[in-house]
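Report on one structure; see the data block that follows.
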Amino acid sequence: MAGLELLPKEYGYVAIVLVLHCFLNFWMAAQVGAARKKYKVFYPIMYATEAENKDANLFNCVQRGHQNSLEMMPMFFMLMIVGGIKHPLICASLGVVYSIARLFYFKGYSTGDPQKRFTIGKYSFLALLGLMICTISFGVNMLIA
């Protein structure tokens, strides 16, 4: 295929990790849907209020866990795609760490105690830092080549 020979063979791992992260996102979205039914928060309401729903905090924590993951997704994808050109195995490995940490971030947040999102979820930020370093390395190498 034209153009694919420019990418390292191992870049396939980057693509696979990105798709696996999409499945994680689908799963989180399904959890929000289940929470909507459980806590009776119907569309188009994005967040519940304590005045209208005694379980507002529980629902909002599920919603925020997913929403925060969506907010981080463009940065994660960009760093994986660009950094993975030069460092595909490192980026794919960091992507797996990031995705697993985001799973625990979501599960911790969904307990209703937002502080629990950091127990294992904090490692997602370390994975992002590693991806940033890989992307910077790619950029620097492009400039000096």
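First select every other residue whose beta carbon is under 13 angstrom from the beta carbon of G95; then total the charges, Lys and Arg +1, Asp and Glu -1. Combined, the nearby Lys, Arg, Asp and Glu give 0.
Computed per residue of the chain from DSSP H runs no shorter than four, each worth -39500 (n - 2.57), the mean residue ellipticity at 222 nm is -25500 deg cm²/dmol. Neighbours of Y39, meaning other residues whose beta-carbon lies under 15 angstrom from its beta-carbon, give a summed charge of +3 when Lys and Arg score +1 and Asp and Glu score -1. Computed over region 26-119, the range of Cα coordinates on each principal axis works out to 52, 27, 17 Å, biggest value leading. Could you name the lysines whose alpha carbon sits less than 18 Å from that of K86, not counting residues in the same chain fewer than 8 places away? Of all the lysines, those that pass the test against K86 - Cα under 18 Å, at least 8 places apart if same chain - are K9. Taking the longest Cα principal axis of the chain as reference, the axis of helix 123-144 is set at about 30 degrees. When only alpha carbons are used to place a centre, region 65-92 and region 113-137 end up 11 Å from one another.
Placing +1 on the Cβ of every Lys and Arg and -1 on the Cβ of every Asp and Glu, with nothing else charged, gives the chain a dipole about its Cα centre of roughly 380 debye. Here M78 and A56 are evaluated by their C-beta separation; at R0 = 35 Å the FRET efficiency comes out at 0.55. Farthest towards the positive end of the charge dipole of the chain, among the residues H21, A35, F106, is the Cα of A35, using unit charges on the Cβ of Lys, Arg, Asp and Glu.
Taken together, the values in this text are just the output of simple stated rules run on the coordinates, not laboratory data. Please read all numbers here as calculations on a predicted model, not as lab measurements. Note that each Cβ is placed from the backbone with ideal geometry, even for glycine, and that neighbours are counted across all protein chains shown.
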